[in-house]
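Colleague: Let me begin by handing over the structure; questions about it come next.
FYI, it's all coordinate maths here, none of it is from the lab. Since we're looking at a predicted model, the values are computed, not measured. Cβ atoms come from the backbone with ideal geometry, glycine included; neighbour counts cover every protein chain shown.
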């Protein structure tokens, strides 16, 4: 008969099973209870702290000026009721302005003419010549 050596576990003991020193159910349970208690304490203290800060801020706030309530907002309604019709009427008014004669400032004698007529005038007369800049004098005050 041949005799084979048995493998010895790393603990040095020949008995089969698991290591009982790795996990402690009691330690894990105590850790869980302590962690839950700390979490509850943190939540309760944060609720108290928020209430404290809220009351402190209420005491620190300056009452609003009586003039602050006299301001009025923009006139109502704030929304366009008929945006498509509004755009059509705006474009019609712009087209009328661009295609008709009229006064811009009657007292100053400034009038407007239709764009088509203005382009005909530019074609007939040409663009006006640019104004010439005044001659600069040298920085000595006179001629040499």
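Colleague: Tally up the residues in segment 79-121 that are surrounded by 11 or more Cβ atoms within 10 Å (Cβ to Cβ) and touching a strand residue (DSSP E or B) at 6+ places or on another chain (Cβ under 6 Å), please.
Modeller: 4
Colleague: Name the residues in segment 62-92 that are over 27 Å from the mean Cα position of the chain (by Cα) and part of a loop (DSSP other than H, G, I, E, B), would you?
Modeller: If the condition is that a residue be over 27 Å from the mean Cα position of the chain (by Cα) and part of a loop (DSSP other than H, G, I, E, B), then 62, 63, 64, 65, 81, 82 are the ones that fit.
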